[in-house]
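Structure, as structure tokens:
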Amino acid sequence: MQKSRTSKFITIEGTEGVGKTTAVRIIQDYLTEHHQEFVSTREPGGTAIAEQIRTILLTPHDEKIIPTTELLLMFASRAQHVANVIVPALQANKWVISDRFVDASYAYQGGGRRIDLSKIALLDQWTVGDAQPDLTILLDASPEIGLARAKNRGPHDRIEQEKIDFFERVRAVYLKRAEQFPERFRVVDATQSLESIEQEIKSCLDKM
């Protein structure tokens, strides 16, 4: 990917019910006001094939999806997403906003499923390469608060049906990665008012 690009790649991360959709909308509105072209996408998903994989991943099945299968499907979806959406958009100097990206695999499959992080890192290097985010906004809240909010959205998908300790491990890995990559991560308290969250996100964008 060209080194001289002026476009930016922004990812939104967090556990269930923390307001990622709202954060994406805030960024979309901000970029629209600043007349900046952008592509808004999500994971798993983002392309026709990746969306089919998303359906497999999130739909409850009689047959149990083992953690290894879940991880490989996530990265199969991501490979399509990176090659067919993210890289072409960035090369065209369009900003990219993604609801979840590779940090979600470290958190959900690494933390939640307890898969060795070195295996995830290998897939990350192979699949994502240098298509790394410029900014990752981590919306943080306790799993109890997030799941209570998510309950109002309708039936839980396959991953949302996990127990509370699963999401506690997910959150712990997210926060650890924020500590490891402070130049990229911005942690936003998702329990504060919408106005405060919007101000924090816009402040991050102003600095870019």
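The values are calculated or read from the model by the stated rules, or taken from the named source; none is laboratory data. These numbers come from a predicted model, not from an experiment. Cβ: placed from backbone, ideal geometry, glycine included. Neighbour counts: every protein chain shown.
In the stretch 124-149, the qualifying residues are those that are out of contact with any Lys or Arg (no Cβ under 7 Å at 6 or more places or on another chain) and polar (S, T, N, Q), and the one that is modelled with the lowest pLDDT is 142. Among the residues making up the stretch 172-183, those that are surrounded by fewer than 18 Cβ atoms within 10 Å (Cβ to Cβ) and either in a helix (DSSP H, G or I) or touching a Lys or Arg at 6+ places or on another chain (Cβ under 9 Å) (or both) are 172, 175, 176, 179, 180.
Could you tell me which residue of the stretch 30-51 is surrounded by the fewest Cβ atoms within 10 Å (Cβ to Cβ), considering only residues that are of a type in the set (Val, Ile, Thr) and out of contact with any Ser or Thr (no Cβ under 6 Å at 6 or more places or on another chain)? Quick ask: steps written out before the conclusion?
Of all residues in the stretch 30-51, those of a type in the set (Val, Ile, Thr) come to 32, 39, 41, 47, 49.
Those still in the list that are out of contact with any Ser or Thr (no Cβ under 6 Å at 6 or more places or on another chain) too: 32, 39, 47, 49.
On the way: 32: 11, 39: 18, 47: 18, 49: 15.
Looking at the filtered set, the residue picked out is 32.
With respect to the stated conditions, residue 169 fails to be within 14 Å of the chain's Cα centre (by Cα), of a type outside the set (A, V, I, L, M, F, W, C) and part of a helix (DSSP H, G or I). The residues of the stretch 124-166 that are part of a helix (DSSP H, G or I) and surrounded by fewer than 17 Cβ atoms within 10 Å (Cβ to Cβ), listed by number, are 125, 126, 144, 145, 148, 149, 151, 152, 153, 164, 165.
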